[in-house]
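Here's the structure we're looking at; comments come further down.
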There are 4 protein chains.
Amino acid sequence: MIKPLAIGMVGYGFMARAHTNAYKRVNDFFPDLAYRPVLQAVCGRDAEKVKAFGDQWGYASHETDWRSLVCRPDIDAVDICVPNNLHKEIALAAAAAGKMILCEKPLSITTAEGKEMCEAVESAGVANTVWYNYRRIPAITLAKQLIDSGRLGRIYHFRANFLQDWTISSDVPQGGTATWRLDSTAAGSGVTGDLLSHCIDTALWLNGKIKDVSAMTETFVKERVHADTGQVQPVGIDDACAFLCHFENGSLGMFESTRYARGHKALFTFEINGENASIRWDLHDLNRLEYFEHGKDSIVRGWRTIHVTEGEMPYMNHWWVPGLSIGYEHSFVHQVADFLGSLEQGEPCQPDFRSALQTQAVCEAVLQSGKTREWVSIK
Amino acid sequence: MIKPLAIGMVGYGFMARAHTNAYKRVNDFFPDLAYRPVLQAVCGRDAEKVKAFGDQWGYASHETDWRSLVCRPDIDAVDICVPNNLHKEIALAAAAAGKMILCEKPLSITTAEGKEMCEAVESAGVANTVWYNYRRIPAITLAKQLIDSGRLGRIYHFRANFLQDWTISSDVPQGGTATWRLDSTAAGSGVTGDLLSHCIDTALWLNGKIKDVSAMTETFVKERVHADTGQVQPVGIDDACAFLCHFENGSLGMFESTRYARGHKALFTFEINGENASIRWDLHDLNRLEYFEHGKDSIVRGWRTIHVTEGEMPYMNHWWVPGLSIGYEHSFVHQVADFLGSLEQGEPCQPDFRSALQTQAVCEAVLQSGKTREWVSIK
Amino acid sequence: MIKPLAIGMVGYGFMARAHTNAYKRVNDFFPDLAYRPVLQAVCGRDAEKVKAFGDQWGYASHETDWRSLVCRPDIDAVDICVPNNLHKEIALAAAAAGKMILCEKPLSITTAEGKEMCEAVESAGVANTVWYNYRRIPAITLAKQLIDSGRLGRIYHFRANFLQDWTISSDVPQGGTATWRLDSTAAGSGVTGDLLSHCIDTALWLNGKIKDVSAMTETFVKERVHADTGQVQPVGIDDACAFLCHFENGSLGMFESTRYARGHKALFTFEINGENASIRWDLHDLNRLEYFEHGKDSIVRGWRTIHVTEGEMPYMNHWWVPGLSIGYEHSFVHQVADFLGSLEQGEPCQPDFRSALQTQAVCEAVLQSGKTREWVSIK
Amino acid sequence: MIKPLAIGMVGYGFMARAHTNAYKRVNDFFPDLAYRPVLQAVCGRDAEKVKAFGDQWGYASHETDWRSLVCRPDIDAVDICVPNNLHKEIALAAAAAGKMILCEKPLSITTAEGKEMCEAVESAGVANTVWYNYRRIPAITLAKQLIDSGRLGRIYHFRANFLQDWTISSDVPQGGTATWRLDSTAAGSGVTGDLLSHCIDTALWLNGKIKDVSAMTETFVKERVHADTGQVQPVGIDDACAFLCHFENGSLGMFESTRYARGHKALFTFEINGENASIRWDLHDLNRLEYFEHGKDSIVRGWRTIHVTEGEMPYMNHWWVPGLSIGYEHSFVHQVADFLGSLEQGEPCQPDFRSALQTQAVCEAVLQSGKTREWVSIK
């Protein structure tokens, strides 16, 4: 009775692997879904490599030109897992072909591009979502529930950062397959689009719209060898970016991202302080949610570490038993489950393109403020 | 070129789910293996339930009598995921049929049974392993490497515990499908076989043999309703068990397990103190290994928390990138990968039955000491 | 109006320093006390050293013979800060002279000695207390309040340990002034009297009487140079000691102490698990109390870390403001404050000698069990 | 042989208490100092209260007019512990009278005032220091040593914050004795002068000068009752303040302070990321320093928690033994010890007024940027 949903994957890198794993696992753990993803085709420019990827993961076929893939009648949904500068073109073609689209984040390089993409999927009427996967970490979903239930009261502060240390060495090249994230042509920006966009998506989801920003960006290593050309070239991306902001609800925001924070691998954390309660989370310990409640029982007030593994926690009744952890990849499984569920219910799967465009607008304002050294309003 | 390995799964409960997931995922993440598990058949007494399980997970067929299953010529390996009191009989039959055996822990209820099982698989010459999966948590495997490299020097102390809180309520029944672990007939013992056996397996692996034990066992809730009969019956299992011991290497051991430690869901932890360094680990934060080294740089000595997610860490180059966590289920994937690798190399996959028999002997001595209130030597 | 209380301090080592500091500070922070300690005299065999100590800390006089000190009419209270083998004789003389006694822990070397001491102070009718100072760490006092209020319900488990690493090197001597704790003549026992006694005092206070024990003791370094004689001599103390026990309230206990746990300096921790709540504490972070409550609001259950610095917490309104820590030495100030308060109220200051005798009885049973390898009942 | 240093304390509030305690304790724990503070006089407008304070703490006399105090010939050093708006006038008078000055932080309300104060003490040639006491927390002093030794290499990031939650309730008044910190007339600013100034002092000490800032300030509660008048009045202080900055060494800074971060009492933390190592610290656990070193032994890289209690750590040989904590108040004892030591050596005790003026300049730029919404350069 379960309906197949034929996936056409564009890309065979790190994210393609994470998404493919999610497609393969989702029905095992979410047996009540009405749809089952089918690995119909994978596409990449390097025929040998894309075939190897397809064989390893069980794709039924492969393509070397995404234009062919997006038009194939046996494809229901296109998953875009390629560098950011290719998102728009592929999305527009896929929408035109009437395909559903699951697009890797960030949505686009510019807000203008993003708007085109939104209009394309909306006028085509195709289901669409952007892989801001962290919303589906159970601890973050729980945070959302706690906030929405009103437990925190008026919000005063929201902070988030995403700290890494993998580009400290000046020997890391820019460009190429493995390090396109350091190439401004392919990536558009550095940490802002790659890492801060996750922080911003989470912030908008948990705390609402951002009004204005004042940012500071920095490129610590000014030149790097390009992986394709072997030439030393100026580095065009932001190595680090921090910004202050005001949220529409009156709270203050602080955000930071860098790839030069020695000792941190993927330290995505956020904290939100409300009148009555506060919440903290850290990707390195993703099963835990820190929670402080200013309750009446004052003698036992303290920050709690909630191990989000109980069956009553978001998504967790699908996995193991209390105390047993899940990992990074499960957030993708949850997003696929929710995407399939949304198809059944005929509702958008958040964040859809339109929602992700908000994140894009903040990123763009941040980059602009970093250049002009002025506060920039978000339209 | 990859060879199929046809799995016959006996049982469809929690552990069958964990193992099945591992069989399905292993080749995606370990693409160089020479074998590929095939879900050939699953077996359970309840035809409807076993069929539903098989359909959900993709088993090609199902059986309701394990005697049929273990004799099927299309089965290469039998996976035993049923209550402990059935392990021996199934294992003996499977060995007699020349099947490989992957047996859920603990190996058996008694050491005598365990010996029979060892002799059966050894005389049949079939590959065999016991699912003490925690050895394959990367942080624990790393601990093993650190210890074996001699960094710790002479060992003085080993401590381990496994604390849970799920049976505090006297409303939890004993027996039946979901709570057979509280039924002494099905389980043989309570926390000793279920939880302490994990601690002991890890201890023997990391710190060598145990010479003698002095134990204390307790049953806090003396009577419970039986899930099958509805009758209130005496509880025959140990709700809690703690023991002191001497290791053959001269170090002292302390072990404890309980299901009455409020606030702990699956707090499996261990600590080992050596002359030059110490190590700690905690299942609730399974990607982390705590490490203290008494190095010459005295001004910066401290306990380190190693986030075991770098590609150079055990197993981790098969997964994501530094900083991104894996979860509980991955330990099973690793065990399957190692089992398949061991087939290729013609070597035992540890712990095999013979190795797991050591754990059984310690468990038996512990239970005996708990009754006699005397120190008991391990033969 | 405030009454002077003339202190005669016997000893000028580490503990004498901690007590003297407490006497000097108590009235600054507890201004409502009816008594004020006066540093009347300090006593030690080495005239030069004791004078230097007295001058540094402001003692009005010094003595080289404790027999003279305890008889001086200008002394109200004798503080015994000398090796354990001298406690009894001094206490008996002080009691005979009608002096109040503040005795460093452990009370005595044997229970028999301890009984004599109890009888002496009781027949003399002099105020007496033993410096089990950790009861007055605010976090531990708070734990006592939480337990006494019934929040934990039925108690299942109590665990405590005291782990150090300072005697791992075999170059550490035994005996002499600085290392008398390694000399069995002066100390009576090793970690049992020195460290486990603190764990036991806390356990008896928080969880009630212990019925029986099964212990394991070990001496890792069998011979050490004696600091006085320069001779290599057999080591008579226990380097490590662990024991299992039953409490009278039906809960199970596990205790451990060692000076061979690399990486731990003074890791005194305890944990108590009750039906409804659990508590943990750690001397290394003494301002924090960990607390888990199995409350109805199940979605936010978690271990809380209570930073015990609010004015409503025990003793803390005498110090700074919320968030600002106190340290180790404050526990002694609190004990002096409580001792002075008890004088005003005419009540014993706990633990008095009689109460500390219970701890002594457990220590003695533990050492006996370590030798006999049998369970030993506490009378 | 030890020389008396007669202290004239202006103020009898919280800080006067902390300083007085330090004067009384310093020679007990630092017996080799050449000076001994003597509590000569305390001054406050309320005769009854100042007398009570003086009696409790042992001051030899009291005054109700600071003008009298600073001219008394029996006073060597004036300690200024009154609201910020009084610092300048008292300091100028004390300098004119040739007194040494120990001034509570922040130095002044404006930089202009601060310059006058610097010129006054410099032209008078009197010893002077500002109570930025946190520099003398041993863990922070250790951080300074690690940084100065070059272990961190090139610095990329410095972050600090100071989060509290005590003014969330709109019932907290402004002004008066207990809450003058909420009154802009008395305090000059809110969290910027009170809390961020500590973060900035630490940052300048550890990471060098700040070039420019972009700040955001907020007053969440717009009106409060004034404690003196009982009138509801507009709130003039900043409830929260955050800023971005560039350091002269090329690193990026982020700072934040608020009294609206529910769950945090005095969460002063900082983190510094260098090419080769990183450091973190947190006032709530002040005895610990977190340290990450990107060493060659890659398999055991991790954040270390250094328990800064060993005798070789800064200041710690004056206190107890490894593992035993000190608290907040000890930082003041250390500052007094260093001040007395600096007198002996004829060198300034840092931070002196001139050094603290740098912090003032940053605070002023921050407040200005908060108003103008522009980047402001520090002269």
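For chain A, the relative contact order is 20 percent, taking Cα pairs closer than 8 Å that sit 6 or more residues apart in sequence and dividing their mean separation by the residue count. Inter-copy label distances at B:Pro73, shortest first and taken from points set 7 Å along Cα to Cβ: 4.5, 11.2, 12.0 nm. Counting only DSSP beta bridges whose two residues both lie in the protein assembly as shown, roughly 60 percent are antiparallel. In terms of overall dimensions, the C-alpha atoms belonging to the range C:106-156 reach 39, 23, 20 Å along their principal axes, ordered largest to smallest. Of the residues C:Lys24, C:Lys222, C:Lys296, the one that moves most in a GNM of chain C with alpha-carbon contacts below 10 Å is C:Lys296. What a 1.4 Å probe finds exposed on the range B:136-377 is 46% carbon and sulfur by accessible area, rounded to a whole percent. With the convex hull of its Cα atoms as the shape, the range B:258-309 has an orientation-averaged projected area of 4.8 nm².
For the range C:289-379, the convex hull spanned by the alpha carbon atoms encloses 212 Å³ per residue.
In this structure the protein assembly as shown gives 33 Å² per residue of accessible area when probed at 1.4 Å with all protein chains present.
Computed over the protein assembly as shown, the alpha-carbon pair-distance distribution with 10 angstrom bins reads 1, 7, 14, 19, 19, 17, 12, 7, 3, 1, 0, each value a whole percent. Overall, the protein assembly as shown carries a charge dipole of about 0 debye about its Cα centre when +1 sits on the Cβ of Lys and Arg and -1 on the Cβ of Asp and Glu, all other atoms neutral.
Residues of the range D:222-269 whose accessible area, computed with a 1.4 Å probe over protein heavy atoms, drops by at least 50 Å² once all protein chains are present relative to their chain alone are D:Leu244, D:Leu252, D:Met254, D:Glu256, D:Arg262, D:His264, D:Lys265. Taking C:Ile210, C:Ile137, C:Ile147 as the candidate residues, the one with maximal mean-square fluctuation in a Gaussian network model of chain C, Cα springs under 10 Å, is C:Ile147. Among DSSP beta bridges whose residues both lie in chain B, state the antiparallel percentage, nearest 5. Of all bridge pairs located within chain B, approximately 60 percent are antiparallel. Cross-link reach is defined here as a Cα-Cα straight distance under 19 Å, omitting same-chain residues fewer than 8 places apart; for B:Lys24 the lysines meeting it are A:Lys24, B:Lys3, B:Lys51.
With K and R counted +1 and D and E -1, the other residues having a Cβ less than 9 Å from that of B:Val130 yield a net charge of -2. Give the residue from C:Ile101, C:Ala18, C:Thr111 lying farthest towards the positive end of the charge dipole for the range C:3-133; charges sit on Cβ (+1 for Lys and Arg, -1 for Asp and Glu) and the dipole is referred to the Cα centre. Among C:Ile101, C:Ala18, C:Thr111, the one farthest towards the positive end of the dipole of the range C:3-133 is C:Ala18. The local environment of B:Arg72, defined by Cβ-Cβ distances under 14 Å, has a net charge of -3 under the rule Lys, Arg +1 and Asp, Glu -1. Summarising the rotation from chain A to chain D, the nearest chain A beta-carbon to the axis and its distance in Å are given as A:Ser214, 3.
Average projection, convex hull of the Cα set of the range A:3-133: 7.4 square nanometres. In straight Cα distance, which lysines are under 18 Å from B:Lys211, not counting same-chain residues fewer than 8 positions off? Cα-Cα hits under 18 Å: B:Lys379, C:Lys371. In this structure the amide hydrogen of C:Tyr156, modeled in the peptide plane, comes within under 5 Å of the amide hydrogens of C:Asn273, C:Gly274, C:Glu275, none closer than 5 places in sequence on its chain. The loop-placed GluC sites (Glu not before Pro) in the range A:243-349, going by DSSP, that have at most 15 neighbouring Cβ atoms within 10 Å of their Cβ come out as A:Glu248, A:Glu312.
Kirkwood Rh, Cα Rg: Rg to Rh for chain A?
0.96
Summing +1 for each Lys or Arg and -1 for each Asp or Glu, what net charge is found among the other residues whose Cβ lies under 12 Å from the Cβ of D:Cys81? Neighbour charge sum, excluding D:Cys81 itself: 0.
When the helix-only estimate is applied to chain C (DSSP H runs of n ≥ 4, each -39,500 (n - 2.57), divided by the residue count), what is the mean residue ellipticity at 222 nm, nearest 500 deg cm²/dmol?
Details: 10 runs with 119 residues, N = 379.
My calculation for chain C gives -9500 deg cm²/dmol from helical runs alone.
So which lysines pass the test for A:Lys265, namely a Cα distance under 23 Å, with those fewer than 8 places away in the same chain ruled out? A:Lys265 reaches A:Lys105, A:Lys222, D:Lys296.
In nanometres and ascending order, the distances from the B:Arg36 label point to those of the other copies are 1.7, 8.7, 8.9 (point 7 Å from Cα along Cα→Cβ).
Taking C:Phe339, C:Phe220, C:Phe353 as the candidate residues, the one with maximal mean-square fluctuation in a Gaussian network model of chain C, Cα springs under 10 Å, is C:Phe220. Using a 1.4 Å probe over protein heavy atoms, the accessible area lost on pairing D with B, summed over both chains, comes to approximately 1500 Å².
Placing a label point 7 Å from Cα along the Cα-to-Cβ direction at B:Ser149 gives distances to the equivalent points in the other copies of 2.2, 4.6, 4.8 nm, listed shortest first.
The values are calculated or read from the model by the stated rules, or taken from the named source; none is laboratory data. These numbers come from a predicted model, not from an experiment. We place every Cβ from the backbone using ideal geometry, glycine too, and count neighbours over all the protein chains shown. Surface areas here come from the heavy atoms of the whole protein model, side chains and all, with no ligands, DNA or RNA. Shrake-Rupley method; radii C 1.70, N 1.55, O 1.52, S 1.80 Å.
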